[in-house]
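Asker: I have a structure here, written as structure tokens, and I will follow up with some questions on it.
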Amino acid sequence: MTPQVLLILILVIALAASFPMFYRTYLWNKFLKHLKNNNSEQALKILNSTQYKIAFGKDSQNWNLLRFYISRNDTKNVKALTSELLGSSISKQQAYRIFSNAYFYFLSNEDKEMSAKLLTRLEDILEDGQKEQFNMLYRVLIEKKSEDIERVNELLANMEKEKESASKKSQVGLLQYLLGVQYYYQNNKKEAEKWLKKAKTNVKGSPLEKHIKKLIH
């Protein structure tokens, strides 16, 4: 083999190896361009395409489809995709990412059936501490119970000791919300308003802010 032929062979191999990366970048940028131009139909076509599935894998396709539907409050398709995945075999890591996000979505919509199904599946993959919190969310937001006031206060006290982080503010806001709605169930308007106002500040701009505005004006 001459040096020229060897060089050409190396170049061909290098191009073949780099093509998938370039194609993924091209496909993803095309998807983002459609989103930026509010062309949701074309963006969704890319996510649902065989090309996307081949380039990024089925797990990535499912995850980004779920995010797309949730961002548009497309409950019908969030439910359809979640139900399909509940009946399929996926990795523990993928199951946690998909089902925890779907769980929060259906909790916020007060969908008891889907929340219960997701909680059952999540209990198989969550650690004990996480199980406690996910069950508490179900009791407060779906069953409308107020038996977790003491526990939420403990969690808030623990959060105050933690270092500041990007996620701390929203986590504190969620706990304050859980505390406020429990007082709301008890018709303790003073305490409910106190905690819901604090929560509103910490979750500003999130879907949770809308729920708070329905309770306090």
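The values are calculated or read from the model by the stated rules, or taken from the named source; none is laboratory data. On a predicted model such as this, the values are computed, not experimentally measured, just so you know. Cβ coordinates were reconstructed from backbone atoms using ideal geometry, including for glycine residues, and neighbour counts include every protein chain displayed.
Asker: May I ask you to list the residues in the stretch 130-157 that are surrounded by 14 or more Cβ atoms within 10 Å (Cβ to Cβ) and either among the hydrophobic types (A, V, I, L, M, F, W, C) or at positive phi (or both)?
Answerer: Passing the criteria: PHE134, MET136, LEU137, VAL140, LEU141, ILE142, ILE149, VAL152, LEU155, LEU156.
Asker: Further, regarding this structure: May I ask you to verify whether LEU107 is buried (at least 16 other Cβ atoms within 10 Å of the Cβ) and farther than 24 Å from ARG67 by Cα? Give the derivation first.
Answerer: Working: buried (at least 16 other Cβ atoms within 10 Å of the Cβ): yes; farther than 24 Å from ARG67 by Cα: no.
No: the conditions fail for LEU107.
Asker: Hey, another quick one. Within the stretch 137-179, which residues are of a type in the set (S, T, N, Q) and under 17 Å from SER206 (Cβ atoms)? Spell out the reasoning first.
Answerer: Start the filter on the stretch 137-179 by keeping residues that are of a type in the set (S, T, N, Q), which leaves 146, 153, 158, 165, 167, 170-171, 176.
Hits for the stretch 137-179 are SER165, SER167, SER170, GLN171, GLN176.
Asker: Residues in the stretch 166-177: is at least one under 17 Å from ARG139 (Cβ atoms), surrounded by 14 or more Cβ atoms within 10 Å (Cβ to Cβ) and in contact with a Ser or Thr (Cβ under 6 Å, 6 or more places away or on another chain)?
Answerer: Looking for residues that are under 17 Å from ARG139 (Cβ atoms), surrounded by 14 or more Cβ atoms within 10 Å (Cβ to Cβ) and in contact with a Ser or Thr (Cβ under 6 Å, 6 or more places away or on another chain), one finds none in the stretch 166-177, hence no.
Asker: Examine the stretch 70-80 for a residue that is surrounded by fewer than 16 Cβ atoms within 10 Å (Cβ to Cβ), over 21 Å from the mean Cα position of the chain (by Cα), in a loop (DSSP other than H, G, I, E, B) and not acidic (Asp, Glu), and state whether such a residue exists.
Answerer: No, the stretch 70-80 has no match at all.
Asker: Residues being charged (D, E, K, R), surrounded by 13 or more Cβ atoms within 10 Å (Cβ to Cβ) and over 21 Å from the mean Cα position of the chain (by Cα): count how many of those fall in the stretch 34-58.
Answerer: As a first pass, look at the stretch 34-58 and keep what is charged (D, E, K, R): 36, 41, 45, 53, 58.
Then keep just the ones that are surrounded by 13 or more Cβ atoms within 10 Å (Cβ to Cβ); that gives 45, 53, 58.
So of that shortlist, the ones also over 21 Å from the mean Cα position of the chain (by Cα) come out as 45.
Residues that pass the stated criteria total 1.
Asker: Here's another thing I want to ask about it. With the stretch 130-217 as the region, which helices (runs of 4 or more DSSP H) entirely inside it contain at least 1 residues that are at pLDDT 90 or above? Spell out how you get there, then give the answer.
Answerer: Values: elements: 149-161, 168-185, 189-202, 207-215.
Counting at least 1 such residues, we get 149-161, 168-185, 189-202.
Asker: Quick one: LEU126 ticks every box in (1) assigned to a helix (DSSP H, G or I); (2) surrounded by 15 or more Cβ atoms within 10 Å (Cβ to Cβ); (3) not small (Gly, Ala, Ser) except a single one, so which number is it?
Answerer: (1)
Asker: Spot the failing condition for ASN64; the list is (1) within 12 Å of the chain's Cα centre (by Cα); (2) under 30 Å from VAL181 (Cα atoms), and only one is missed.
Answerer: Result: ASN64 fails condition (2) only.
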